[in-house]
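A.B. asks: The structure is given below, and queries will be raised subsequently.
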Amino acid sequence: MNRRQAYETAQRRRSLTVAGISTAAVLAAIILLVPLTPGWPQVRASFFDGGVFAQTFPTLLRAFLIDVMIFAWSVPLILTLGLAIALARGARAPALFPLRIFGAVYVDVFRGVPVVLTIYLIGFGVPGLGLPRPWNSPYIWGTVALVLTYSAYIAEVLRSGIESIHASQRNAAICLGLSERDTMRYVILPQAVRRVVPANMNMLVALQKDVALLSFIGPVEILRQAGIYKSLLANFTPYVVAAVIFLIVTVPATRYADHLLNRDRDARS
Amino acid sequence: MPEAKLSLRSVHKSFGGNHVLRGIDMDVATGEMICLIGASGSGKSTLLRCINQLEPIDDGSVWLDGQDISEPGLDLGPVRRRIGIVFQSYNLFPHMSALENVVLAPRRVLQEDGDALNARAEALFDRFGLAQHMRKYPDQLSGGQQQRVAVIRALAMRPEIMLFDEITAALDPELVGEVLNVLRQLRAEGMTMLLATHEMGFARELADRVCFMDGGVIVEEGPPGQIFSDPKVARTQAFLRTVLR
Amino acid sequence: MWKYLTTAVLSTALMSGAALAQSCSDGKTLVDGKLTIATGNPAYYPWVIDDAPESGQGYEAAVAYALADAMGFAKEDVVWTRTSFDQAIQPGAKDFDINMQQFSITADRDKVVDFSEPYYTAPMAVLVRAGDGLAPTLDAMKEMKWGVVASTTALPVVMNTIVPSSSPLVYDDNANVVEAMKAGQVDAALFDLPTALYLSAVVLEGGQVLGQFAPDATADPDHFGMLMTEGNPLKTCVDAALATLKENGVLAGIEAKWLQEATGVPLIK
Ligand SMILES: Nc1ncnc2c1ncn2[C@@H]1O[C@H](COP(=O)(O)OP(=O)(O)OP(=O)(O)O)[C@@H](O)[C@H]1O
Ligand SMILES: [Mg+2]
């Protein structure tokens, strides 16, 4: 160990100790003080009932699978459509002007309307036109609503990424004889996408939570199931269970995304 | 129809109200090396960009091997792949290794096959002393190395003519030499070249012809010996007095 | 039927009504010798037919006259008045002795007003689209796609009594269930009978109440009570009269006539 490493090790040990002690102090304060508050027994009974926790956990976990499924098939659709819209908005050729207008209107509409409204309008409205089962399923049209809304957001994020790539990159590609398409595909997009990964990760975390809004049009996913248990058992613990399940999934997912980003960055320095 | 490799006939270009090129006539013969000199803002970069149609010209014409390549509506892909250009700021693709930067266009545009293409690219890297840096990313290379990769990238398209726009201007002085050596090498191989430069010593050493630009026109042109030692036009004399001191 | 009932009620009144009148309601009503009964504005089917309670037609109108009789009031001593639903459940002085417009007895309301013993227990009923040709049998119901409102007791009935083959869809409120029915996403929905009747008549075009369950099929059914001012001394008389009507089967007769036969909603077996 050289001098610098020794210094850094000592520094790290010191800050870990400080962080450990302060975290422990705060936790201890919470654990010791909160139970002293006058309302704690009621709060514990209605939010942290161990029996209710154990009773509802398996069903809620199963209901969460519905959220995961909807999420899983939404994401590729959202990314594909978002990319298409972003490209439509960036179309340069004069002949593609209508496409550009369409892209702009699309983004304005679906970013301007709250997700819940889109879910209601599409989830009830489109099937109401007279589609036969199973094509009128709230799962299908709820997903469509999510895809429409989120692809508008993703399209904007992607477009800002595309626009942030300096024109000289495009010029360099064009000068090599690459077509507009290849320039976009091999030069601009890979850089733009990399640049907007963090923003898109935030979108996906938000999506994972918004999937629960599909419960408004019928599907009994985790939030609805928790609500049903709440009515049935007159206890809020099922909501705490749902929150815990969400955290178990979203925290590692965001950490993993951060890790991928860091690895990507480290690989090049 | 002009018979030179590359010909410009009374080329005009404006940006808004700024009339940057005011009637440029020029012929470049195969294997010739021409240096464009002139004060900052005199239109050297604009001229180079107008040649490969990165900027559409307003009036006049540009001819490559007897074909009018400034004709509006012409498919420019096939034209541009015959004209290599290297910029002052390298413009390597940062998300690709040096090798990937070089093989992208030959693969996509010339439809070259993977193994043969890689071998050819490696030979190019070897030729310009960069074989050991081939797998690195641009931000792991020095400015001089990046600029040489940019030259290799252009050369990989087997261009018939190369345009260089002050490719040493952004480099630290000690790195300028390695890039100029690349140009010497190309000169020796007989590449047709047109370069805008502030390196007067280099222009004097290698150019077949030197063109002095001022105010959007070519004020004076001739062999370097004559331009540098015996300029005829007052503006050329004034310019050279300020740069050669 | 009406004639028969009236005769039955009258004869009951002759036997017990006079005695009750003397001991009970004397001096306790708003106007001496008169019983002032409030209904909705407007009052509607099947509770009051044609918004004319004086006719004694409709479930609540019929119960009102039977009750008046049992309490010793002649038909012409019954005075009708109108109140809005919300106005009636506010605390304070009232211009009626008793108010009948499908008030559910709840603990919250009981704090500010008085309720009689229940005169009606709302059973669960099945709302469908009339055109679907569905049969009111348990077997047929197992194959239907069900929709229910999350906060009601309908979900346990669907899950435990009907046990459908595909999981029900769950919604926030009645309007959403109806919307899902219009969209063809659910075949049938479970409400209490009054709600189902209202939805089929007013909200869901082409709606039909397919059948009703016996009240005891529901774990925690809605009870309708007659509303009086808080601490009204008349309450004991009303409760005594209601007990009589339950004992002698008059109440059941009125219910069969106006809420099963008249509405055409058969009992599901
Ligand atoms: N894309 C553009 N839009 C507007 N004006 C431009 C553009 N490119 C160049 N110009 C203008 O054209 C003129 C000539 O610029 P140009 O870059 O060709 O000069 P240069 O001779 O290359 O100068 P330098 O030696 O500084 O590189 C300048 O006045 C410049 O501002
Ligand atoms: Mg320039």
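The values are calculated or read from the model by the stated rules, or taken from the named source; none is laboratory data. This is a predicted model, so every value here is computed, not measured. Don't worry about glycine lacking a Cβ; one is built from the backbone with ideal geometry, like all the others, and counts go over all protein chains shown.
A.B. asks: Which members of the range C:90-117 meet the condition of being touching an Asp or Glu at 6+ places or on another chain (Cβ under 9 Å) and surrounded by 14 or more Cβ atoms within 10 Å (Cβ to Cβ)?
C.D. replies: Correct list: C:M100, C:Q101, C:Q102, C:S104, C:I105, C:V113, C:D114, C:S116, C:E117.
A.B. asks: Out of all the residues in the range B:140-177, which are of a type in the set (S, T, Y) and away from ligand 1 (no atom under 16 Å from the Cβ)?
C.D. replies: Selection gives B:S142 alone.
A.B. asks: Output yes when any residue across the range A:186-198 is over 17 Å from A:L79 (Cα atoms) and within 14 Å of chain B (Cβ to nearest Cβ), and no when none is.
C.D. replies: Among the residues of the range A:186-198, at least one is over 17 Å from A:L79 (Cα atoms) and within 14 Å of chain B (Cβ to nearest Cβ), which makes the answer yes.
A.B. asks: Separate question: Checking the condition among the hydrophobic types (A, V, I, L, M, F, W, C), within 14 Å of chain A (Cβ to nearest Cβ) and within 16 Å of ligand 2 (Cβ to nearest atom), which residue from B:L48, B:L76 passes?
C.D. replies: Of the residues listed, the single one that is among the hydrophobic types (A, V, I, L, M, F, W, C), within 14 Å of chain A (Cβ to nearest Cβ) and within 16 Å of ligand 2 (Cβ to nearest atom) is B:L48.
A.B. asks: When the range B:159-180 is examined, which residues are found to be away from ligand 2 (no atom under 16 Å from the Cβ), surrounded by fewer than 16 Cβ atoms within 10 Å (Cβ to Cβ) and within 15 Å of B:V86 (Cα to Cα)?
C.D. replies: none
A.B. asks: Also, quick follow-up: Report, by residue number, each residue of the range B:105-133 that is free of Cβ contacts under 8 Å to residues at least 12 places away in the same chain and facing another protein chain (nearest Cβ under 10 Å).
C.D. replies: B:R107, B:R108 - these are the residues of the range B:105-133 that are free of Cβ contacts under 8 Å to residues at least 12 places away in the same chain and facing another protein chain (nearest Cβ under 10 Å).
A.B. asks: Determine, yes or no, whether B:T46 is polar (S, T, N, Q), near ligand 1 (Cβ under 10 Å from one of its atoms), touching a strand residue (DSSP E or B) at 6+ places or on another chain (Cβ under 7 Å) and under 28 Å from B:I152 (Cα atoms).
C.D. replies: yes
A.B. asks: Of all the residues that make up the range B:2-41, how many are within 15 Å of ligand 2 (Cβ to nearest atom) and basic (K, R)?
C.D. replies: Of the residues in that region, 1 qualify.
A.B. asks: Looking only at the range B:134-149, decide whether some residue is away from chain A (no Cβ under 14 Å) and among the aromatic types (F, W, Y).
C.D. replies: For the range B:134-149, residues away from chain A (no Cβ under 14 Å) and among the aromatic types (F, W, Y): absent.
A.B. asks: What number of residues within the range B:182-208 are farther than 19 Å from B:F87 by Cβ, more than 13 Å from the chain's Cα centre (by Cα) and of a type outside the set (G, A, S)?
C.D. replies: Within the range B:182-208, residues that are farther than 19 Å from B:F87 by Cβ, more than 13 Å from the chain's Cα centre (by Cα) and of a type outside the set (G, A, S) number 8.
A.B. asks: When you go through B:Y137, B:Y90 one by one, which is the residue that is of a type outside the set (A, V, I, L, M, F, W, C) and within 16 Å of ligand 1 (Cβ to nearest atom)?
C.D. replies: Sole residue among the options that is of a type outside the set (A, V, I, L, M, F, W, C) and within 16 Å of ligand 1 (Cβ to nearest atom): B:Y90.
A.B. asks: Please give the helices (runs of 4 or more DSSP H) falling wholly within the range A:100-200 in which 1 or more residues are in contact with a strand residue (DSSP E or B) (Cβ under 8 Å, 6 or more places away or on another chain).
C.D. replies: In the range A:100-200, the matching helices (runs of 4 or more DSSP H) lie at A:138-164, A:167-175.
A.B. asks: Follow-up question, since we're still on this one. Return the residues of the range B:178-212 that are farther than 30 Å from A:L178 by Cβ, away from ligand 1 (no atom under 16 Å from the Cβ) and either within 14 Å of another protein chain (Cβ to nearest Cβ) or among the hydrophobic types (A, V, I, L, M, F, W, C) (or both); say none if nothing qualifies.
C.D. replies: B:L206, B:A207 - these are the residues of the range B:178-212 that are farther than 30 Å from A:L178 by Cβ, away from ligand 1 (no atom under 16 Å from the Cβ) and either within 14 Å of another protein chain (Cβ to nearest Cβ) or among the hydrophobic types (A, V, I, L, M, F, W, C) (or both).
A.B. asks: Further question: Inspect the range A:178-191 for any residue being surrounded by 17 or more Cβ atoms within 10 Å (Cβ to Cβ) and either more than 30 Å from B:R153 (Cα to Cα) or within 19 Å of the chain's Cα centre (by Cα) (or both) and give the result as yes or no.
C.D. replies: No: the range A:178-191 contains no residue that is surrounded by 17 or more Cβ atoms within 10 Å (Cβ to Cβ) and either more than 30 Å from B:R153 (Cα to Cα) or within 19 Å of the chain's Cα centre (by Cα) (or both).
A.B. asks: Okay, next question. When you go through C:A241, C:A256, C:A217 one by one, which is the residue that is in the same structural domain as C:S25 (by TED's automatic domain parsing) and in contact (Cβ under 8 Å) with a residue 40 or more places away in the chain?
C.D. replies: C:A241
A.B. asks: Do we have B:T197 as hydroxyl-bearing (S, T, Y), within 28 Å of B:I24 (Cβ to Cβ) and either modelled with pLDDT under 90 or away from ligand 2 (no atom under 16 Å from the Cβ) (or both) here?
C.D. replies: So B:T197 does not fit the description; no.
A.B. asks: Right, here's the next one. All but one of (1) free of Cβ contacts under 8 Å to residues at least 40 places away in the same chain; (2) within 16 Å of ligand 2 (Cβ to nearest atom); (3) in contact with a strand residue (DSSP E or B) (Cβ under 6 Å, 6 or more places away or on another chain) hold for B:Q88; state the number of the condition that does not hold.
C.D. replies: Here B:Q88 meets the rest and fails (1).
A.B. asks: B:I83 - would you say it is touching a residue at least 60 places away in the same chain (Cβ under 8 Å) and either among the aromatic types (F, W, Y) or within 21 Å of A:L176 (Cα to Cα) (or both)?
C.D. replies: yes
A.B. asks: Mind telling me which of the residues C:D97, C:D132 ends up being touching a residue at least 40 places away in the same chain (Cβ under 8 Å) and out of contact with any Lys or Arg (no Cβ under 9 Å at 6 or more places or on another chain)?
C.D. replies: Answer to the selection: C:D132.
A.B. asks: Could you tell me which residue of the range A:224-235 is nearest to the other protein chains (Cβ to nearest Cβ), considering only residues that are within 25 Å of the chain's Cα centre (by Cα) and touching a residue at least 24 places away in the same chain (Cβ under 8 Å)?
C.D. replies: Of everything passing the filter in the range A:224-235, A:R224 is nearest to the other protein chains (Cβ to nearest Cβ).
Let's see how each residue does on (1) within 24 Å of C:L259 (Cβ to Cβ); (2) modelled with pLDDT under 90:
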| position | (1), (2) |
| --- | --- |
| C:D77 | no, no |
| C:W80 | yes, no |
| C:F85 | yes, yes |
| C:Q90 | no, yes |
| C:I98 | yes, no |
| C:Q101 | yes, yes |
| C:R109 | yes, yes |
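A.B. asks: Hey, another quick one. Under 9 Å between Cβ atoms, which residue pairs at least 6 apart in sequence (or on different chains) link something in the range C:188-209 that is on the phi > 0 side of the Ramachandran plot with a partner that is surrounded by fewer than 24 Cβ atoms within 10 Å (Cβ to Cβ) and modelled with pLDDT of 85 or more?
C.D. replies: Final answer for the pair search is C:G206/C:R129.
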